[in-house]
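The values are calculated or read from the model by the stated rules, or taken from the named source; none is laboratory data. Every value quoted in this text rests on a predicted model; they were computed, and no experiment measured them. Cβ sites come from the backbone with ideal geometry, for glycine too, and all protein chains shown count toward neighbours. Note: accessible area is taken over every heavy atom of the protein model, side chains too, but ligands, DNA and RNA are not part of it. Shrake-Rupley method; radii C 1.70, N 1.55, O 1.52, S 1.80 Å.
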Amino acid sequence: MMMVGVHVVAALAGVALGVGAVYVARMVIEGVRRDRRERPAQIAVGLWQERWERAAGKLESEDAAVRLEGFAELEQYGREDADAHEDIIELTCTYLRRPFRFPVEDEEEFAIRLAAQGLLTRRLRRSGGLESREVEELDLRDAVLVEPDFADCDLTGADFRDGVIVGGNFRRARFWRYANFDRTWFTGVADFRAAVFPAHVSFSGAMFTGTAIFAEAEFEGRVDFADARVEEPDAAHSWPSPWYVWAASPVAHGRLVPRKDKR
């Protein structure tokens, strides 16, 4: 009986080992299969990251042609990866905040900045090939923008403080949370026709050396033009109520002041 017991135990041990071996083999096979499934995804992520870093790195090149190529690659990247939208906006705004002289002295850099502005506004426009997406904040403080076309763009939060806007087109643009143009210098036509502004909007201390058009613009609250100045008071401006241009003489700069309520 003892020998029979030993043989039974040995047989059971063999079965257990066999089952264990099968289990281990299955685990190994599943691991290999999982690795085969995951590796392409990991490789793809690595390649996407490499593409992003390569395109972003080109913006730091001393060669103007390489920087221009970098923006072309960013635009293509954005078409293929919707999740890169906000990163592209932020990177483009960072580039546009770099010092730039106006009137234009560096034509090559000017061409790059026009490409950057186009990339930015195409990603924010409601119409066209790309569907607009919300961006937490458009940070263009101190930026020099030449003929930017923000027409029909959705701007969640937009900060243009202390910048220069040459011939800005903001027709039908929608500012959702706030718009800050404090101390911005507008030259050429500043076109805000039918733009929609939130409660928090300010042009305090702004300088208008061309024509400003706010016809049919909508404001949720009161817009602030305190200390804003106008170089040509007699130009065909259209200001939102209750603001108008007051000038001490025909040759003096005008100041924007609110009309007093007669009631």
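Summary of computed values
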| read-out | value |
| --- | --- |
| Count of the range 78-91 residues which are closer than 21 Å to residue 139 by Cβ, at pLDDT below 90 and open to solvent by less than 60 Å² (accessible area, probe 1.4 Å) | 3 |
| Members of the range 199-225 found to be of a type in the set (A, V, I, L, M) and either in contact (Cβ under 8 Å) with a residue 24 or more places away in the chain or in contact with a Lys or Arg (Cβ under 8 Å, 6 or more places away or on another chain) (or both), listed by number | 201, 206, 207, 212, 213, 215, 217, 223 |
| Residue in the range 174-190 that is part of a strand (DSSP E or B), under 22 Å from residue 158 (Cα atoms), open to solvent by 20 Å² or more (accessible area, probe 1.4 Å) and hydrophobic (A, V, I, L, M, F, W, C) present | yes |
| The one condition in (1) at pLDDT 95 or above; (2) under 22 Å from the mean Cα position of the chain (by Cα) that residue 239 fails to fulfil | (2) |
| Residue match in the range 225-242 (condition: within 25 Å of residue 89 (Cβ to Cβ) and open to solvent by less than 20 Å² (accessible area, probe 1.4 Å)) | no |
| Extreme residue, modelled with the highest pLDDT, among residues of the range 100-141 that are in a loop (DSSP other than H, G, I, E, B) and of a type in the set (Asp, Glu) | 106 |
| Some residue of the range 202-215 being hydroxyl-bearing (Ser, Thr, Tyr), part of a loop (DSSP other than H, G, I, E, B) and closer than 16 Å to residue 170 by Cα | yes |
| Failed criterion for residue 65 (all others in (1) surrounded by fewer than 17 Cβ atoms within 10 Å (Cβ to Cβ); (2) in a helix (DSSP H, G or I); (3) modelled with pLDDT under 90 hold) | (3) |
